[in-house]
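Here's the structure we're looking at; comments come further down.
The values are calculated or read from the model by the stated rules, or taken from the named source; none is laboratory data. Keep in mind it's a predicted model, so treat the numbers as computed, not measured. Every residue, glycine among them, receives a Cβ derived from its backbone with ideal geometry; neighbour counts consider all protein chains shown. Areas reflect the complete protein model, heavy atoms only, side chains present, ligands, DNA and RNA absent. Shrake-Rupley method; radii C 1.70, N 1.55, O 1.52, S 1.80 Å.
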Amino acid sequence: MHLKDSTKMLHTQFRANEDTKHLGVEEFLKALRQYCIPFTSKETLWNEFQAIRQTLNGRTLPIQDIANKIKQYQMQLPRISN
């Protein structure tokens, strides 16, 4: 595998670390992906959004269900115009 710059440095650290030095290429590529993809990527933000829970009437629901209920309530309100 030919690596350079920060990828080479990450691989060197990966191999020097006692916890990861026995792992293979697949695990290194997973670590590289976490290093390269910013924490604000859409997939990361979506997963964080899906993990949010909200309590409604004593039940804990995913935030998406709460958002859907709010949208339903919004559709029931009369439309306001100029």
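A few remarks follow.
- When the residues of the range 43-82 are filtered to those that are among the aliphatic types (A, V, I, L, M) and assigned to a helix (DSSP H, G or I), the one that is farthest from Arg33 (Cα to Cα) is Met75.
- Selected residue (criterion: most open to solvent (accessible area, probe 1.4 Å)) from residues of the range 8-33 that are touching a helix residue (DSSP H, G or I) at 6+ places or on another chain (Cβ under 7 Å) and of a type outside the set (Gly, Ala, Ser): Lys21
- Scanning the range 53-69 for residues that are surrounded by fewer than 10 Cβ atoms within 10 Å (Cβ to Cβ) and among the aliphatic types (A, V, I, L, M) yields no hits at all.
- Complete set of residues in the range 25-42 that are within 30 Å of Thr12 (Cβ to Cβ) and not in a loop (DSSP other than H, G, I, E, B): Val25, Glu26, Glu27, Phe28, Leu29, Lys30, Ala31, Leu32, Arg33, Gln34, Tyr35, Cys36
- When Gln74, Gln34 are checked against the criterion of being polar (S, T, N, Q), at pLDDT below 85 and over 21 Å from the mean Cα position of the chain (by Cα), Gln74 stands alone in meeting it.
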